[in-house]
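Accompanying notes for the structure given below.
The values are calculated or read from the model by the stated rules, or taken from the named source; none is laboratory data. Keep in mind the model is a prediction, meaning the values are calculated, not measured. Cβ placement follows ideal geometry from the backbone for every residue including glycine, while neighbour counts extend to all protein chains displayed. Remember, those area values only see protein heavy atoms, side chains included, never the ligands or the DNA or RNA. Shrake-Rupley method; radii C 1.70, N 1.55, O 1.52, S 1.80 Å.
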Amino acid sequence: MKNLLDYTLEELVLWMKENNESSFRAKQIISWIYKGIKDFKDMRNIPKSLISKLEESFEISFPEIEEVYKSNIDGTEKFLLKFSDGNLIESVLMRYKHGNSICISTQVGCRMGCKFCASTIDGRVRNLTAGEILSEILVVQDYIGERISNVVLMGSGEPLDNYDNVMKFLELVCAEYGLNIGQRHITLSTCGIVPKIYELADKNLNITLAISLHAFSDEKRKEIMPIANKYTIEEILEACRYFINKTNRRVTFEYALVRGVNDTKEDAKALGKLLKGLLCHVNLIPVNEIKESLFKRSSKESIQDFSNVLKKLGIEVTVRREMGSDINAACGQLRRSYINTQKIGGE
Ligand code: SF4
């Protein structure tokens, strides 16, 4: 059965026409959904005959909140969400002065194989649909009773490996009849699937593109990110230049600092040289240590030194504030530790 959350207003209008119903009903139905109504019978202004037709064709499928972990340090909340097929994903709510921000997942698992990431250890299980990605926001918004105004596609999954669903999600999340979140409040993070960056640029959206770079040379990058065997850094940067030309938007480069791997002053100089002249910003991320990985977090001192070197080279840089470090807030950690606990419990 089709999930009504996957439908745009235009698609639902079309369905109404095909089923000899008035088009204006589509808007009424969609507005119920965005109010969190899960049962067609609760849509009070919809005639019973139409409700029966809807019930025959659609379901309204929201994930269930399986667990919520709240950080005692900064109030970050991590949600473990369970879809009707039993698959689990994570969404993280961060509260800032400028509003609530959510980091959402786009796939169950991931097949990109980044060595520092817990989401990829069991590969990609499946893509999330546009409606499922959207439902992460709706469920969390409903739970906290507050609006979410910023969205980051940086949870489990590679958004550009689920391109069509993610593009439809962007349409749904920005729609005036939906959550009406401005494109400028959305960041899409990719490990660098070059052809899809060009496709995205051609859409001319006002979203922020973030590239998980994490290394300044192809050799170093190959050590931690298998995608580097497919696309070189120069190819990624060329695609970024195209994105910048098309959208006039600054690109963010994510750089996870791993002790002894990519965190020396020389590394910073090489990174600065690589990015010089590009309309960009570097976001340094002190890597979260995961049980399954040998990677260790850089010391505070080397993070500071790294940042200073970049600044001296004229590169804008921020060190990502650590959020929810006491609740396994890094990508894929919670789902994994939860699944492991369940396995242990069942043995
Ligand atoms: S960092 Fe992102 S792209 Fe890489 S394995 Fe994890 S979820 Fe996938």
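When we screen Val92, Val139 for residues that are hydrophobic (A, V, I, L, M, F, W, C), in contact (Cβ under 8 Å) with a residue 12 or more places away in the chain, over 18 Å from Arg321 (Cβ atoms) and open to solvent by 10 Å² or more (accessible area, probe 1.4 Å), the only hit is Val139.
Would you check which residues across the range 224-277 are of a type in the set (Val, Ile, Thr), under 24 Å from the mean Cα position of the chain (by Cα) and open to solvent by 10 Å² or more (accessible area, probe 1.4 Å) and list them? Those that are of a type in the set (Val, Ile, Thr), under 24 Å from the mean Cα position of the chain (by Cα) and open to solvent by 10 Å² or more (accessible area, probe 1.4 Å): Ile227, Thr232, Ile244, Thr247, Thr252.
Against the definition (open to solvent by 10 Å² or more (accessible area, probe 1.4 Å), within 12 Å of the ligand (Cβ to nearest atom) and part of a strand (DSSP E or B)), how does Cys114 come out, yes or no?
Values: open to solvent by 10 Å² or more (accessible area, probe 1.4 Å): yes; within 12 Å of the ligand (Cβ to nearest atom): yes; part of a strand (DSSP E or B): no.
Against the criterion (open to solvent by 10 Å² or more (accessible area, probe 1.4 Å), within 12 Å of the ligand (Cβ to nearest atom) and part of a strand (DSSP E or B)), Cys114 does not qualify.
In the range 180-206, the residues that are within 20 Å of His281 (Cβ to Cβ) reach residues that are open to solvent by 70 Å² or more (accessible area, probe 1.4 Å) with C-beta atoms within less than 6 angstrom, at least six apart or across chains, in these pairs: Ala201/Tyr242; Ala201/Lys246; Asn206/Arg184. Meeting the requirement of 2 or more residues that are under 28 Å from Gly155 (Cβ atoms), the helices (runs of 4 or more DSSP H) wholly within the range 9-98 are 9-18, 24-34.
Only one of the numbered conditions (1) surrounded by fewer than 18 Cβ atoms within 10 Å (Cβ to Cβ); (2) in the same structural domain as Val166 (by TED's automatic domain parsing); (3) in contact with a Phe, Trp or Tyr (Cβ under 7 Å, 6 or more places away or on another chain) is not met by Gly75, and that is (3).
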